[in-house]
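Below is one structure, written out as structure tokens, with a few remarks after it.
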Amino acid sequence: MNWARACFASDLEDDKPFSVEVGDELVAIVQHEGELFAIRDQCSHGRVMLSLGEVVDCTIECFAHGSRFDLRTGEALDLPATQPVPVYPVKVEGDDVLVDLANPISTN
Ligand code: FES
């Protein structure tokens, strides 16, 4: 594992995606129903930040054309997006939220 600090846990509010640059990548950290998720902060359909969309039922919706992505797997649940978005392991240590961009969660 290759954990990198993303933000403070105290930065996060339920269902309010927090966009942060980790290394070269923009990641949306999402706190939803007591769980944390980390998803690349870019829709697979266009250059749109997913963190600007709504979080509902463990999904995040792209505000541009409405595709929803599963926060657990990154799977695209609605057209027009057809490709998944990478999701990453995330954990809290003290008040630090850590993500592991080197080991995306596999959906296989
Ligand atoms: S840019 Fe996200 S669904 Fe089109």
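The values are calculated or read from the model by the stated rules, or taken from the named source; none is laboratory data. Note that the structure is a prediction, hence the values are computed from the model and not measured. Note that we place each Cβ from the backbone using ideal geometry, even for glycine, and neighbour counts take in every protein chain shown.
General observations
- Residues located in region 1-48, provided they are in a loop (DSSP other than H, G, I, E, B), charged (D, E, K, R) and over 12 Å from the mean Cα position of the chain (by Cα): Asp24, Glu33, Arg47
- For Ser51: the one exception among (1) more than 16 Å from the ligand (Cβ to nearest atom); (2) closer than 15 Å to Val99 by Cβ; (3) not in a strand (DSSP E or B): (1)
- Selection from region 81-95 of residues that are of a type outside the set (Ser, Thr, Tyr) and either exposed (fewer than 14 other Cβ atoms within 10 Å of the Cβ) or modelled with pLDDT under 95 (or both): Gln83, Lys91, Val92, Glu93, Gly94, Asp95
- Between Glu21, Glu61, the distinction of being within 14 Å of the ligand (Cβ to nearest atom), of a type in the set (Asp, Glu) and either surrounded by 19 or more Cβ atoms within 10 Å (Cβ to Cβ) or without any contact (Cβ under 8 Å) to a residue 24 or more places away in the chain (or both) belongs to Glu61 only.
- Scanning region 29-48 for residues that are in contact with a strand residue (DSSP E or B) (Cβ under 7 Å, 6 or more places away or on another chain), within 13 Å of the ligand (Cβ to nearest atom) and free of Cβ contacts under 8 Å to residues at least 40 places away in the same chain yields a single hit, Asp41.
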